[in-house]
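Here is the structure we will look at.
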Amino acid sequence: MHNQVIGKPISRVDGRAKVTGKAKYAAEFTAPDLLHGVVVSSTITKGRITHIDTGDALALDGVVKVFTHQNRPKLAWFDMSYKDLDAPPGSPFRPLHNDRIKYNGQPVALVVAETFEQARYAASLVKIEYAQEPHETDLQHHLDTARKPASGLASLLKPPPPKARGNFDKAFTEAPVQLSTGYVHGFEHHNPMELFSSTVVYGKDGKLTIYDKTQGAPNSQFYVSQVFNIPFRDVRVVSPYVGGGFGSGLRPQYQLFLAVMAARELKQSVRVSLTRQQMFTFGHRPATVQHIDLGAQPDGTLDALRHAATAETSRFEDYIEVVVNWSGALYKAPNAQFDYNVVPLDQYTPLDMRAPGGVTGMSAIECAMDELSYKLGMDPLELRLKNYTEEDPNEKRPFSSKQLRACYQQAAERFGWTKRSPEPRSMREGHTLIGWGMATGVWDANQLPARAEAVLTVNGKLRVSSATADIGTGTYTIMTQIAADTLGLPLEDVLFRLGDTDMPLAPFQGGSLTAGTVGSAVKIVCEDLGKELLKLARKMPNSPFAKAKFDDVFFVEKQMRLKADPSVRIDLQTLVDQNGGRAIRTTATSMTNSLKQGKYTRYAHSAVFVEVQVDEDLGTVKVTRAVTAVAAGRILNPKTARSQIIGGMVWGISKALEEETVMDHRYGRFMNHNLAEYHVPVCADIHELDVLFVEEHDDVVNPLGVKGVGEIGIVGMPAAIANAIFHATGKRVHELPITLDKLM
Amino acid sequence: MITYPFQYKRAGSISEAVALLAEGGKALSGGHSLIPSMKLRLNAPDALVDVGRIAELKGIRLDGNELVIGAGSTHGDIASSGLVQQHVPMFAEGAGHIGDPAVRNRGTIGGSLAHADPSADWPAMVLAADATIVVEGPSGSRSIKATDFFTSMFETALAADELITEVRVPVENGARMTYQKFSQPASRYAIVGCAVVKSADGKVRVAFSGVSDTPFRDTAVEEQLNSGQSATSVASGVSVMSDHYASEEYRRHLANVFLKRALNAVA
């Protein structure tokens, strides 16, 4: 009765600011006498710097200083100080630490000048000599060095591979139908449109205000505070808008370190922005080699499942992602084994990239299931349903909710799956082969603790804030909706702010957890504010609310009303006026209910059906139609949620058909480190994308019953496309991306 | 990127343009190739002579047995011209698939021919249509056969002080014609483009864009086809390009595929 705005397709509240340029990004903030830093990158992959000549650079007008490892200030000594809140186990990379080169493109100098152009030109004049050492960058050539990753702090968000169950070897050997297959993909880079930048404003008192591109302002603050030994109160990090993150902003990147170092040394404000080429000199989705064995009965029942993955990491940190666990949770195979290893190479540490591990692992298992379906002569969807599980076999516990079956049914119906002709190469129009494929998606629905503040001003306007981020997902919008809904206010009376370490603490935006995590904090803090309003109402003379408890009232149309008799109502403005001319302020922390949540596996699910057209003569692939049905709990805003899903689907097309950072292993350097040669889809590549949200009720995941939708959209797409290509052509491609040369 | 400083002159007539070009500088028409190349410093003329508003360069008309297309006609003008659709339908079809609407509304046939990008669409079409390119220079006007016009990558028989004024296309009764290409998805540039004109007597003319550094008439294939053989020697006399869009091997394959498709279309 009082649900006004949750679930409505509200347009982005920050949309106007973004299209008019009012929304400011990290490199757009400025300060008086702002200096500009340009990074010089290493041209070798491994070795030592033997000589640095900065003479020509320093001789130029406007050049203030060239920082290198030889003249950098003394900083924190221990590795621990360099560990940001998302650092994997290991010894974090320290910019300008010493003469060692650990990877190609490593920052080796920062040229600071009065203008950007001066700095850029001077950077081209810095001469660096190296003593090179042999490097190793090719995962496939060093699989023999694979080992278990180091374990760091026990991470709730990245569990180790599941324990083996049953007797895999025996079950696989005895299985009447066996499949052994493998899948490989190379490096991928996030490539958000906005380049990594930090504008460090140096205050009179030496306090820093840092405008940073980050998915978590508190993480940048923590890092700067630890590395430079500055108290939190003297470092404020602000990041109101982020031009895409996709995971790349989960860790502070080196421009932040360099800009802060320069600002502190020069006692002046400094901005450092990376170039597009330098966007390829930090985290990436790791190249991964996977192997899957499936043993089945002729009716499709899986007896045996083995999923093993080997991914690359750096020499200095063990990046981990959850790759093999999904298959074990999705299918009930009673005999199963899982393995996950890493190969350290001479490159930067990989970094979470949209559905890290999930899209990797699911691409492999869902292609393998498709292969098995042809071996069995069984419909691929039938095979999934045959092995469907209502309980998580990895953890032997129920799902908090799992409407995957409804996803399969509704997406298949929308797509017209029953009209599929099962034989490969059996659907064609002229020289165009048509293929239909499907796959499943699974992703986490986690919640972390978060804080928020709510203020009802003397004018009856609601201001809510939390130090979370909006990397383009729609956080501003859904938080505004939640706040407005909780206190019965119109959207225009609510202002939600984020991205500032002066605000109450919230985790970084990642892992599809913001909606549930920060949303819960916003809901709770607004409820607390509602309780304050009720207290004021109860104190009023002859108040009809005198005996009301919070559960007895609701908020709608700027009023508090009694549930038992909605005609008993009072304007919120009247209540604010009772507060002695002061705004009403509450802060709250939403805690996770670990006891309750720990009894359940909490996932979002999706089913994806795809049509491709493959030109038989040319090998070109067009994804002409794709339907994704998503079960992600309560959908707060179908418009922004749909945008998230279609964004993921487009990226799925990219991953399946186009995207790969290609390394020249002779030099250990990425060859296509620009947006001309790092191929992603253009509008002409995208055809019909259809999104369905399946109704799903979940009391466990968080107080709002929502599961984030930032990542689930990509998870099933690559496998569905690869499977459709097999159906079209009869060719099974085991290496993504499926470029036309692999189909010729 | 931003261009360097340059002089801008606007010509009101062909003669004025020719006079201005004689002082140095480059003709600016739709600017869709020239301006980006200046921004990238691949081209650095001191002055631009804007010929975009010269009325004499506009218009499409029939002159006896020839369709005459003013060099200042945009791709969009040509695609939507009833005369072109009726008499040289390949030009309308091909023009309709150049770039995107913004490119078609600004880019001109004269500009594209003068620029002579080896992967542009017009060169293959004017070659197969056996068109004539009329140019105006200080010593008057002259006509250049399309087959003599393209001399190398971005190089033509056009002198620096000459301006293309019109393209004259012979109208052949009963001829069938088509232009087929493998587009670069982002730009629609032809990775390989193939134009085929089949006369009423069954003889074909075949031309390719994008295959070699110079667009060309494939006379070896024409001879095979016109003597009843199958086309086995596609692009045999030229060096086939290899780049990050397509290897030499794949380009040859594409040339064969698009010739086959073009021949099917005119069968």
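We did not get these values from a lab; they are worked out from the coordinates using the rules stated. A quick note: this is a predicted structure, and the numbers were derived from the prediction, not measured. Cβ placement follows ideal geometry from the backbone for every residue including glycine, while neighbour counts extend to all protein chains displayed.
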Run the dipole for the range A:205-324 about the Cα centre, Lys and Arg Cβ at +1, Asp and Glu Cβ at -1, nothing else charged, and hand back the magnitude in debye, nearest 20. 820
Between A:Asp565 and A:Asp502, what FRET efficiency follows from the Cβ-Cβ distance if R0 is 41 Å, with the result rounded to 0.05? 0.45
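Between A:Cys683 and A:Asp61, what length in nm is gained on full extension when 0.36 nm per residue of separation is reduced by their alpha carbon distance?
Answer, rounded to one decimal: 219.4 nm.
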Could you tell me whether chain A comes out rounded, prolate or oblate from its Cα gyration tensor? Rule is a ≥ b ≥ c as square roots of the eigenvalues, rounded for a/c under 1.5, then prolate if a/b exceeds b/c, otherwise oblate. oblate
Contour minus Cα-Cα span, A:Asp205 to A:Glu695, at 0.36 nm per residue, comes to 170.9 nm
What list of ³J(HN,Hα) couplings, whole Hz, do you get for the range A:13-20 from phi and the Karplus terms 6.51, -1.76, 1.60, once you set θ to phi - 60° and write x for glycine and proline? 6, 9, x, 5, 4, 6, 6, 9
What number, rounded to the nearest 500 deg cm²/dmol, is the helix-based mean residue ellipticity at 222 nm of chain A, given -39500 (n - 2.57) per DSSP H run of at least four residues and division by all its residues? -7500 deg cm²/dmol
Rounding to the nearest 20 debye, state how big the charge dipole of the range A:631-677 is about its Cα centre with +1 on each Lys and Arg Cβ and -1 on each Asp and Glu Cβ. 360
FRET efficiency for A:Asp741 and A:Gln140, Cβ-Cβ distance as r, R0 = 22 Å, nearest 0.05? 0.75
What's the FRET efficiency of B:Gln86 with A:Gln132 using the Cβ-Cβ distance as r and R₀ = 60 Å, to the nearest 0.05? 0.35
Hey, got a sec? Which GluC sites (Glu not before Pro) in the range B:8-94 land in a DSSP loop and have at most 14 other Cβ atoms within 10 Å? B:Glu23
What is the Cα centroid distance between the range A:386-462 and the range A:627-665, reported in whole angstrom? 12
How many nm separate the modelled label positions at B:Asn105 and B:Val266, each set 7 Å beyond the Cα in the direction of the Cβ? 3.4
For the range A:271-354, percent of DSSP beta bridges that are antiparallel (nearest 5) comes out at 45
Students often check this: by mean Cβ neighbours within 10 Å, which of A:42-53, A:216-227 ranks highest, and how do the rest follow? A:216-227, A:42-53
Got the relative contact order for the range B:7-50 handy, in percent, Cα pairs under 8 Å and 6 or more residues apart? 57
Place a point 7 Å from the Cα of A:Arg582 along the Cα-to-Cβ direction; which residues of the range A:521-550 have their backbone N under 18 Å from it? A:528-540
Distance in nm between pseudo-label sites at A:Lys599 and A:Leu266 (7 Å out along the Cβ direction from Cα): 6.0
Can you say what percent of the DSSP beta bridges in chain A, counting only those with both residues inside, are antiparallel? Round to 5. 75
Segment A:Arg428-A:Val184, length gained on full extension (0.36 nm per residue, minus Cα span): 85.0 nm
Nearest 10, in degrees from 0 to 90: the angle of helix B:248-266 to the longest Cα principal axis of chain B is 80
The size of the Cβ-based charge dipole (Lys, Arg +1; Asp, Glu -1) of the range B:176-266 about the Cα centre, to the nearest 20 debye, is 400
Using Cα pairs closer than 8 Å and at least 6 residues apart in sequence, work out the relative contact order for the range A:378-477, in percent. 13
Report the relative contact order of the range A:558-616, percent, no decimals, based on alpha-carbon pairs under 8 angstrom and at least 6 residues apart. 16
Partner shielding of A:734-742, taken as the mean number of other chain Cβ atoms within 10 Å, equals 1
For B:180-189, what's the mean count of beta carbons from other chains sitting within 10 Å of each residue's beta carbon? 3
